[in-house]
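Below you'll find the structure, written out as structure tokens, and then a few comments.
What follows draws every value from the coordinates through simple rules; no lab data is involved. Predicted model only: the values in this text are computed from it and were never measured. Don't worry about glycine lacking a Cβ; one is built from the backbone with ideal geometry, like all the others, and counts go over all protein chains shown.
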Amino acid sequence: MIADYPAALLIGLLGSSHCLVMCGGIVAALQFSMPTQSRWQKLRLQLLLSLGRLSTYALFGGVVGYFGATAMGLAGASLVWLRLVAGLLLVAMALYIARLWFGLTRLERLGQGLWSKVQPYTKRLLPLDSGLKAYSYGLLWGFLPCGLVYSTLSWSLASGSASAGALLMLMFGLGTLPALLAFGAAANALTQLKNQLWVRYTAASLLAIYGIYTIWLALQRLVF
């Protein structure tokens with residue numbers, strides 16, 4: 001559904017407080033690893049870092065979306081069951097954003113093994129003294145275990161195609177950019193805004209409503 005994409009953007013934006021906890025230290029360390037003192041040069045390298053991370057997210061989303069569509073096609077089934085799972089994950093994400101349930105973070109354990117193999121390669125790219133190194137580091141950074149990323153990937157599984165899955169993950173990644181690019185005083189201000197109860201609960205309610213609507217649509221197709 002077209003509404004999946006703005007929902008993914010919203011999840012990335014409001015879930016980026018978790019990104020700051022997971023990646024804030026990395027962002028700060030990488031800033032110190034940039035030899036240039038020019039503010040604009042550092043911003044360029046930060047943008048390339050994020051572009052690399054978003055490229056990995058989009059790649060994962062495309063692969064997962066293709067796999068989901070292919071698997072359901074070979075089974076002779078529709079995407080209804082996957083849409084049902086997607087709806088349940090949306091509700092889970094809403095609970096996470098509302099800080100009522102943090103079960104999604106348990107998914108991060110699934111990627112620890114892969115990250116332990118990828119992480120040593122990131123050290124070879126330091127210091128980040130070129131755009132190529134920054135982009136390459138971002139590509140590897142996309143492998144960092146994250147419950148929200150994995151949940152959105154599961155949602156991509158029900159997207160119906162590789163392109164839809166890639167776009168879904170891309171929108172999610174774009175939602176995380178403001179918090180990570182504005183690391184520092186601006187990021188603190190953004191975090192304080194997102195910590196406002198009315199902001200969190202309003203956004204969580206919208207996601208929960210959309211998740212319940214997705215579940216309802218899937219159940220309708222199963223019943224009728």
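The 3J(HN,Hα) values that the Karplus relation (6.51, -1.76, 1.60; θ = phi - 60°) gives for segment 86-100 are, in residue order, 4, x, 5, 5, 4, 5, 4, 5, 4, 5, 5, 5, 6, 6, 9 Hz. Gly and Pro appear as x. Farthest toward the positive end of the dipole of segment 65-135, out of PRO120, LEU82, ALA69, is the Cα of PRO120, where the dipole comes from beta carbon charges about the Cα centre.
Evaluating 6.51 cos²θ - 1.76 cosθ + 1.60 at θ = phi - 60° for every residue in segment 108-114, the Karplus couplings come out as 5, 5, 5, x, 4, x, 5 Hz, glycine and proline recorded as x.
Remark: the Cα gyration tensor places segment 109-165 in the oblate category, a/c being 1.5 or greater and a/b not exceeding b/c.
Can you give the net charge of the other residues whose Cβ lies under 13 Å from the Cβ of GLY131, counting K and R as +1 and D and E as -1? Residues close to GLY131 contribute a combined charge of +2.
Here the spin labels are modelled as points 7 Å beyond Cα on the Cα-Cβ line, and at LYS117 and TRP216 they lie 4.4 nm apart. Charge tally around LEU144: other residues with Cβ under 12 Å, Lys/Arg +1 each, Asp/Glu -1 each, net 0.
Basic side chains Lys and Arg get +1 at the Cβ, acidic Asp and Glu get -1 at the Cβ, and with that the dipole of segment 58-127 about its Cα centre reaches some 280 debye. Under a Cβ-Cβ cut-off of 15 Å, what is the net charge of the residues other than PHE102 that fall near it, where Lys and Arg count +1 and Asp and Glu count -1? Charge balance near PHE102 sits at +3.
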